[in-house]
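J.: Could you have a look at this structure, given as structure tokens, before my questions?
The values are calculated or read from the model by the stated rules, or taken from the named source; none is laboratory data. These figures come from a predicted structure and were not determined experimentally. Cβ placement follows ideal geometry from the backbone for every residue including glycine, while neighbour counts extend to all protein chains displayed. Surface areas here come from the heavy atoms of the whole protein model, side chains and all, with no ligands, DNA or RNA. Shrake-Rupley method; radii C 1.70, N 1.55, O 1.52, S 1.80 Å.
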Amino acid sequence: MSGTDDRPAAKQRSRPFALALPDGPEHVALLGPGDGAGLYSGLVTLQPGEECGWHSTQQHEELIICLAGSGFIKAGGTGWRLAAGRYAYNPPHTRHNVLNTGTEPMRYVYVVAPVRDHAKPEPDPGSE
């Protein structure tokens, strides 16, 4: 990618768009706050021995999709091997960390979405 942001302007982001995954920095937002209706996403590159750092999903759920390299995800008191072609899911309120335990850069995409409050029923669109 050329370093320019080819995403639509903020007021046009309610429209679909498609872009190439960027090369470059260790962390780049794919969908940031305000780009979607709550969903956000990013691309992370970890060098061998690096980790993303412990953090929590809070009131969100997260999908981590490994594109290249290999590592380990620690979450919820356990852990799993993560390698190209594998993915991991973190439910809300899950403290987790991703570590590159391989010998090559590890690239992964994370996709985070807020969790709907299932205790509150959705309004019936026909009732208004």
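J.: Taking the residues in the stretch 103-128 that are out of contact with any Leu (no Cβ under 9 Å at 6 or more places or on another chain) and surrounded by 12 or more Cβ atoms within 10 Å (Cβ to Cβ) as candidates, determine which candidate is modelled with the highest pLDDT.
T.: The residue in question is E104.
J.: If you take the residues of the stretch 29-56 that are among the aliphatic types (A, V, I, L, M) and not in a loop (DSSP other than H, G, I, E, B), which of them is surrounded by the most Cβ atoms within 10 Å (Cβ to Cβ)?
T.: Filtering the stretch 29-56 for residues that are among the aliphatic types (A, V, I, L, M) and not in a loop (DSSP other than H, G, I, E, B), the one surrounded by the most Cβ atoms within 10 Å (Cβ to Cβ) comes out as L46.
J.: Look through S56, S70, S41 and report the one residue that is within 12 Å of the chain's Cα centre (by Cα) and among the polar types (S, T, N, Q).
T.: S41
J.: In the stretch 57-90, which residues are among the small types (G, A, S) and surrounded by fewer than 14 Cβ atoms within 10 Å (Cβ to Cβ)?
T.: Matches in the stretch 57-90: G76, G77, G85.
J.: With the checklist (1) without any contact (Cβ under 8 Å) to a residue 24 or more places away in the chain; (2) open to solvent by less than 70 Å² (accessible area, probe 1.4 Å); (3) out of contact with any Gly (no Cβ under 8 Å at 6 or more places or on another chain) in hand, flag the one item P25 doesn't pass.
T.: Of the numbered conditions (1) without any contact (Cβ under 8 Å) to a residue 24 or more places away in the chain; (2) open to solvent by less than 70 Å² (accessible area, probe 1.4 Å); (3) out of contact with any Gly (no Cβ under 8 Å at 6 or more places or on another chain), the odd one out for P25 is (2).
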